[in-house]
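Enquirer: One structure coming up, written as structure tokens, with questions to follow.
Here, each number is a calculation from the coordinates, and none is a lab measurement. Being a predicted model, the structure only gives us computed values, none of them experimental. Every residue, glycine as well, gets a Cβ built from its backbone with ideal geometry; the counts of neighbours run over all protein chains shown.
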Amino acid sequence: MGPSRFDITRRAAVGGMAAAGAGFVLFGPRGAKERSSGRVVLEYWEKWTGHEGRAMQKVVDEFNASQSRIFVRYLVTAGIDQKTLIAVAGGNPPDVVGLWNYNVPLYAEANAILPLDELLAPHGVTVETYAAGVRNLITHPDAEGRTRMWATVNTCGTVAMYYNRAHFREVGLDPDRPPTTIPELDAAAKRLDVIAKDGTIQRAGFLHTEPGWWSWFWGYHFGGTLYRPPTGADDPGTCLASSEPNAAAYAWVQATCGKYGEGRLGPERTKQFRSGFGTAYDSALNGFLDGKCSMVVQGPWLANVINAHKPGLDYGVAPFPTSPEISNPAEPVGLIDSDILVVPRGVKDPEACAEFVAYTQRQDVVEFLCTSHFKNSSLARVSEGFLANHPNKGVRVHTAIAASPRGFVCPRTRIWPQFKDEIDASMQRVWNLERPAKDELALMTERVSGQLQRVHEMGKKRRA
């Protein structure tokens, strides 16, 4: 099961949290780990509340009823990633934890979680269990450079383009033929815009800043990538944010804001326009639901908001367009994101943890949970019943992105939260026309490269 000595100390965990600018409580819920009434009691920490939490609690309840050896306690835990690191460092970890996929590099490199290859193999769960694009979310090299499986997928979502079919018909666009390339998106957006005589935006065909959650992903739709992992022990990894495809993508973003049609958009007009949106994403005043935006970048969870607040909305879903040079509808480009399950190092009964985790990866369980969360399945095998009866009209599109060899995931580096903060800040400067996109990306690349180098040097000192 690997070394028993923790590589992550309490001081290192606290330092890591401070570096990320995150507040936390030192310890999360604590409960009995001993056998109770003949059962092994497992603590499962999870971040979900609301309908998502209720669906996962049902999975836990059904697992508990399915056998008499293990009893899982579902514990909703705020600040879950920070608290888990502290609990592992303190020698009192929960047994199973629901994290985000971007946590994998840090937790794996810190030796805070167990590799799951051997633990889950007897249960038939392997990397190949998952759709092709999903596999990078749960794997990472170990200290010897071997790619290991560190997590399973709890639920998976892919990011696509949601569009208002009624708006398309209104301006003479075919709602069954959404744009597939960036020029087609530009042309459709201009036709869908509604601009008052005084220049006030009343409806935007497309806005890069709505909702603005993925300011880092535009370059992937131009054939680029943000990061190259280390190629050896002396390589800190490379930030590629200023590469040609990324520069082209953010120049497009900037042109949309500042020069995209005579007087179409601008930082101040856009700010004023977006101030009329509902402040809550889960709201009938969401910019897309309220008809203020005709096309948005979003994940499958948007269908839940639509069904709850505007069930009659006639919407379509398509892969987000790419530059013409890389367009291939048979292999869509799209972001793949997921929640994950991990087993912390130091748990008392890894085999019991593996049995529960494997249960959550059964096809019927995955499809129940993903249906409840309005998401696509993470698995390589997807039942036709799941697709046919899914509450999201675009589930087949999301499924195709998950299976695509051109599905992409966030850069697999332990500094991704800081990396993303840098990109978010640069996106704001690009959108506000503070400096040319190419220059902003060059400066941001320099800052991120410095962070990669510093983390690499710290790692070398720890290993010395």
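Enquirer: Read phi for every residue in the range 206-214 and hand back ³J(HN,Hα) as whole Hz from Karplus 6.51 cos²θ - 1.76 cosθ + 1.60, θ = phi - 60°, with x for Gly and Pro.
Expert: Residue by residue, the range 206-214 yields 7, 10, 5, 8, 10, x, x, 7, 10 Hz.
Enquirer: I would also like to ask the following. What are the ³J(HN,Hα) values, in whole Hz, obtained from phi via the Karplus relation 6.51 cos²θ - 1.76 cosθ + 1.60 with θ = phi - 60°, for each residue of the range 325-342 in sequence order, with x given for Gly and Pro?
Expert: These are the phi-based 3J(HN,Hα) values: 5, 10, 5, 7, x, 6, 10, x, 9, x, 6, 10, 10, 7, 8, 10, 10, 10 Hz.
Enquirer: Along the charge dipole of the chain, Cβ charges K/R +1 and D/E -1, which of Leu441, Tyr227, Ala425 sits furthest on the positive end?
Expert: Towards the positive end, the residue furthest out is Ala425.
Enquirer: With the dipole of the chain worked out from charges on the C-beta (+1 for Lys and Arg, -1 for Asp and Glu) around the Cα centre, which of Pro179, Thr270, Phe71 lies farthest toward the positive end?
Expert: Phe71
Enquirer: Determine ³J(HN,Hα), in whole Hz, for all residues of the range 178-183 in sequence, where each value follows from phi through the Karplus function 6.51 cos²θ - 1.76 cosθ + 1.60 and θ = phi - 60°; x replaces Gly and Pro.
Expert: With the stated coefficients, the range 178-183 comes to x, x, 10, 10, 4, x Hz.
Enquirer: Additional query: Quick check on the chain: helices-only [θ] at 222 nm, where DSSP H runs of length 4 and up contribute -39,500 (n - 2.57) each and the sum goes over total residues. Nearest 500, please.
Expert: One gets -11000 deg cm²/dmol as the mean residue ellipticity at 222 nm.
Enquirer: Let me ask you something else. I want to check the label-to-label distance for Ala284 and Leu387. Put each point 7 Å from Cα in the C-beta direction and report it in nm to one decimal.
Expert: That separation, rounded to one decimal, is 3.5 nm.
Enquirer: Still on this model: Contour minus end-to-end for Arg69 and Arg228, with contour as 0.36 nm per residue of separation and end-to-end as the Cα-Cα distance?
Expert: Working it through step by step, the gained length comes to 52.8 nm.
Enquirer: Hey, what D do you get for the range 55-163 in µm²/s if you plug the Kirkwood alpha-carbon radius into Stokes-Einstein at 10 °C and 1.306 mPa s? Write out the running numbers ahead of the final one.
Expert: Numbers: Rh = 15.8 Å.
In µm²/s, the coefficient is 100.
Enquirer: With 21 Å as the limit, write out which pairs from Lys271/Lys292; Lys47/Lys271; Lys58/Lys310; Lys47/Lys310 have Cα-Cα distances beyond it, or answer none. Provide the component values of the computation, followed by the final result.
Expert: Working: Lys271/Lys292 13 Å; Lys47/Lys271 32 Å; Lys58/Lys310 27 Å; Lys47/Lys310 27 Å.
From Lys271/Lys292; Lys47/Lys271; Lys58/Lys310; Lys47/Lys310, over 21 Å: Lys47/Lys271; Lys58/Lys310; Lys47/Lys310.
Enquirer: With viscosity set to 1.306 mPa s at 10 °C, what whole-number translational diffusion coefficient in µm²/s follows for the range 344-464 from Stokes-Einstein and a Kirkwood radius over Cα pairs?
Expert: On the way: Rh = 18.7 Å.
For the chosen part, D equals 85 µm²/s.
Enquirer: Sticking with this structure for a sec: Using every pair of alpha-carbon atoms in the chain, split the distances into 20 Å bins beginning at 0 and state the percent of pairs per bin, rounded to integers.
Expert: 23, 55, 21, 1
Enquirer: Okay, moving on. With a 10 Å radius around each residue's Cβ, average the other Cβ atoms per peptide and rank 89-99, 62-72, highest first. Write down the numbers at each step before the final one.
Expert: Working: 89-99: 22.3, 62-72: 14.6.
Ranking, from highest mean packing down: 89-99, 62-72.
Enquirer: May I ask for the distance between the Cα centers of the range 83-128 and the range 35-74, given as a whole number of Å?
Expert: Centre-to-centre distance over Cα atoms comes out at 18 Å.
Enquirer: Right, something else. Scan around Phe320 for amide H atoms under 5 Å from its own, H built in the peptide plane at 1.01 Å from N, and keep only partners 5 or more places away or cross-chain.
Expert: Met161
Enquirer: I'd like the antiparallel share, as a percent to the nearest 5, of DSSP beta bridges with both residues in the chain.
Expert: Numbers: 29 of 43 bridges.
Around 65 percent of the beta bridges assigned by DSSP in the chain are antiparallel ones.
Enquirer: How many angstrom separate the Cα center of the range 278-346 from the Cα center of the range 347-408?
Expert: Centre-to-centre (Cα) distance: 17 Å.
Enquirer: Further question on the same structure: Would any residue of the range 430-464 have its amide N under 19 Å from a label point 7 Å out along Cα→Cβ of Asp142? List them or say none.
Expert: 463
Enquirer: Let me ask another. What's the magnitude of the charge dipole for the chain around its Cα centre, counting Lys and Arg as +1 and Asp and Glu as -1 at the beta-carbon? Answer in Debye, nearest 20. Present the calculation step by step, with values, prior to reporting the outcome.
Expert: Numbers: 51 positive and 49 negative charges, 160 e Å.
Charge dipole, the chain, about its Cα centre: 760 debye, nearest 20.
Enquirer: Can you figure out the FRET efficiency of Asp421 with Ala187, using R₀ = 35 Å and their beta-carbon distance, to the nearest 0.05? Mind showing how you got there, number by number?
Expert: Working: r = 34 Å, r/R0 = 0.97.
Here the calculated transfer efficiency is 0.55.
Enquirer: Can you give the FRET efficiency to the nearest 0.05 for Ala308 and Arg454, using r as the Cβ-Cβ distance and R₀ = 51 Å? Walk me through the numbers on the way to the answer.
Expert: Working: r = 45 Å, r/R0 = 0.88.
Given R0 = 51 Å and the Cβ-Cβ separation, E is 0.70.
Enquirer: OK, next. If one computes the Cα centroid of the range 137-162 and of the range 166-218, what distance in Å separates the two points?
Expert: 33 Å
Enquirer: Now, a different point. Starting from the 7 Å offset along Cα-to-Cβ, what nm value, one decimal, do you get for the label separation of Trp213 and Arg447?
Expert: 2.4 nm
Enquirer: Taking neighbour counts of Cβ atoms within 10 Å as a proxy for exposure, in what order, fewest first, do Glu46, Glu170, Glu128 appear? Can you show the working numbers first?
Expert: Values: Glu46 23, Glu170 14, Glu128 8.
Neighbour counts put them in this order, fewest first: Glu128, Glu170, Glu46.
Enquirer: If you don't mind, there's one more thing I want to ask. Which value in nm describes the separation of the simple spin-label points at Gln363 and Gln57, placed 7 Å from the Cα toward the beta carbon?
Expert: Roughly 3.0 nm, to one decimal.
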